[in-house]
Structures are given as structure tokens and as C-alpha cells.
Amino acid sequence: LEIPHREFGNHNGGQLQFGPDGYLYAGTGDGGGGGDPLGNGQNLGTLLGKMLRIDVDGSTPYVVPSTNPFVGQAGNRPEIWAYGLRNPWRFSFDRVAGDLWIADVGQGAFEEVDLQPASSRGGENYGWNRMEGAHCFSPASGCNDGSLRLPVLEYGRANNACSVTGGYRYRGDTNIRLRGTYIYGDFCNGIVSGATQQPDGSWVGRTLIDTALSISAF
């Protein structure tokens, strides 16, 4: 599977991950350039700016699972599992719940983390470039009309933050206090944060440690 990406040199995604369902997931950037000038994030006819899901065991080189949300829809790429992403640099699956956590690098104001529950049938639109985080980015496109899946976490550019790096929901036994915490960081300021779910269902992040690292992966 090759994805043309000729116009700009940035936003290349960067991860492959097998999900609990045995399928291979791939996060792709929107093709680069400021503000998604090619409109790839919202275009279901391209594989850029997406989360893809394919079956690499079904045939050579791969087959598309019949349960992918856009299978059989004219003009839409069947490999797409979710869309509206800018640069999903790091994502992970919760090894207990099976949920998919997607850290999506922001444009210039907000970094975001999206959460797709294990029960999802795919097809979520995470908003880019209509939205940046939970905020309107492109008024001309209508912003949030109620059809978008907004992030469960976001943060701004304070303290020299500029690029979220997704981690994992901690399910270990070494640190009991961190059980159930989603751990993530920022490439630019080195801060490692942890988010916990509140009684109302929302997620709230807090600083765990301030490092001098350029955090690119966990």
C-alpha cells in the first residue's frame, strides 16, 4: 500500500499497530502544509489525514475488512477507519478495555487526544480541518455541526508546548496510583502528563514530570 504525498514534506503520520481485532491500523498525516490546504482531512477519497484498518492475513498484499465503515461507498476509500486527523503521530490500544487512543498534533493553538471506544464501528470524523481540538478552525467549512467527534483531551501552547506525543493507558502493577491513567507527553517542552477519568465521564490531565527530553514515543 503506497500513499502519494508529494506536495509537502511534513505530516507523515508515523505508526503501525495491530489492534485487538487482529487488523493492522495505520495513522496518516494530512499531506502537510499549514491548515490542510489540500483538504485531505475531510476527503474520504484520499488516504491522507486518516486512521486506516486493513487485514494483512487475508490475502497478498492485504484485503479490506468487510466491516470497515466506507466499504462499498462510491468514491470513498474502503481502507479508511476514521478521518479528520491532522497528524496522528502516536496512537495506542488500551490492553484491558480495547479502546483506541489517538494523539493528534495540532496546528498552532491546540494539541488534542481522541478516544475511540472498543465498541466503535468506525467512521468517526475527528474534525480536522474544520476544528482544531474542540475549537473552530475553518468557519467556512461549518465547524462543528454536531457530526464531529471532539477530543477527550486538549491543551494549548503554554509552557512552550507544541506537539503532543501519545502514550498508553497504564495497566501495570508497579505504580498503583497510576492505574487507569492515560500517559502522554509533548515533544517540545518535555512535560509528561497523565489524564484520569472523572465521575462525570470527562478526562482531566495533570503534569506528572517535567523533563528535558524531546519526547517522540513511549
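The values are calculated or read from the model by the stated rules, or taken from the named source; none is laboratory data. Note that the coordinates shown come from a computational prediction; the quantities given were computed from them, not determined experimentally. No Cβ is skipped: glycine too gets one built from the backbone with ideal geometry, and neighbour counts run over all protein chains shown. These area figures cover heavy atoms from the full protein model, side chains too; ligands, DNA and RNA do not enter into them. Shrake-Rupley method; radii C 1.70, N 1.55, O 1.52, S 1.80 Å.
Out of Gln42, Gln15, I need the residue that is in contact with a helix residue (DSSP H, G or I) (Cβ under 9 Å, 6 or more places away or on another chain), in contact (Cβ under 8 Å) with a residue 24 or more places away in the chain and not aromatic (Phe, Trp, Tyr). Which one?
Gln42
So that you can scan it fast, the table gives a plain yes or no per residue for (1) in contact with a strand residue (DSSP E or B) (Cβ under 6 Å, 6 or more places away or on another chain); (2) open to solvent by 30 Å² or more (accessible area, probe 1.4 Å); (3) in a loop (DSSP other than H, G, I, E, B); (4) not polar (S, T, N, Q):
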residue	(1), (2), (3), (4)
Glu2	no, yes, yes, yes
Gly9	no, yes, yes, yes
Gly22	no, yes, yes, yes
Ala26	yes, no, no, yes
Gly31	no, no, yes, yes
Asp36	no, no, yes, yes
Asn40	no, no, yes, no
Leu48	no, no, yes, yes
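Hey, among the residues in the range 173-201 that are among the charged types (D, E, K, R) and farther than 27 Å from Gln107 by Cα, which one's most open to solvent (accessible area, probe 1.4 Å)?
Looking at residues that are among the charged types (D, E, K, R) and farther than 27 Å from Gln107 by Cα, I get Arg177.
For residues in the range 202-218 being of a type in the set (Val, Ile, Thr) and in a loop (DSSP other than H, G, I, E, B), which is surrounded by the most Cβ atoms within 10 Å (Cβ to Cβ)?
That would be Ile215.
Could you list, ordered by first residue, the pairs with Cβ atoms under 7 Å in which the first is in the range 196-214 and over 16 Å from Gly166 (Cβ atoms) and the second is surrounded by fewer than 11 Cβ atoms within 10 Å (Cβ to Cβ), at least 6 apart or interchain?
Between residues of the range 196-214 that are over 16 Å from Gly166 (Cβ atoms) and residues that are surrounded by fewer than 11 Cβ atoms within 10 Å (Cβ to Cβ), the close pairs are Val204/Gln198.
Looking only at the range 109-138, which residues are of a type in the set (Gly, Ala, Ser) and open to solvent by less than 50 Å² (accessible area, probe 1.4 Å)?
If the condition is that a residue be of a type in the set (Gly, Ala, Ser) and open to solvent by less than 50 Å² (accessible area, probe 1.4 Å), then Ala109, Ser120, Gly122, Gly123, Gly127, Gly133, Ala134, Ser138 are the ones that fit.
Among the residues of the range 156-169, which ones are assigned to a loop (DSSP other than H, G, I, E, B), hydrophobic (A, V, I, L, M, F, W, C) and within 17 Å of the chain's Cα centre (by Cα)?
Cys162
Under the condition of being open to solvent by less than 30 Å² (accessible area, probe 1.4 Å) and modelled with pLDDT under 90, which residue from the range 11-20 is farthest from the chain's Cα centre (by Cα)?
His11
Restricting attention to the range 88-104, which residues are in a loop (DSSP other than H, G, I, E, B), open to solvent by less than 20 Å² (accessible area, probe 1.4 Å) and under 23 Å from His11 (Cβ atoms)?
Hit for the range 88-104 is Pro88, nothing else.
Looking at (1) closer than 30 Å to Asn43 by Cα; (2) open to solvent by 40 Å² or more (accessible area, probe 1.4 Å); (3) not basic (Lys, Arg), which one does Tyr170 not meet, given that it meets all the others?
Condition (1) is where Tyr170 drops out.
Could you list, in sequence order, the residues of the range 139-155 that are in a loop (DSSP other than H, G, I, E, B), open to solvent by 30 Å² or more (accessible area, probe 1.4 Å) and at negative phi?
Asn144, Asp145, Ser147, Arg149, Leu150, Val152
Quick check on the range 74-122: of everything there that is in contact with a strand residue (DSSP E or B) (Cβ under 7 Å, 6 or more places away or on another chain) and of a type in the set (Lys, Arg), which residue is nearest to Leu24 (Cα to Cα)?
My answer is Arg90.
Do we have Tyr62 as under 13 Å from the mean Cα position of the chain (by Cα) and among the hydroxyl-bearing types (Ser, Thr, Tyr) here?
No.
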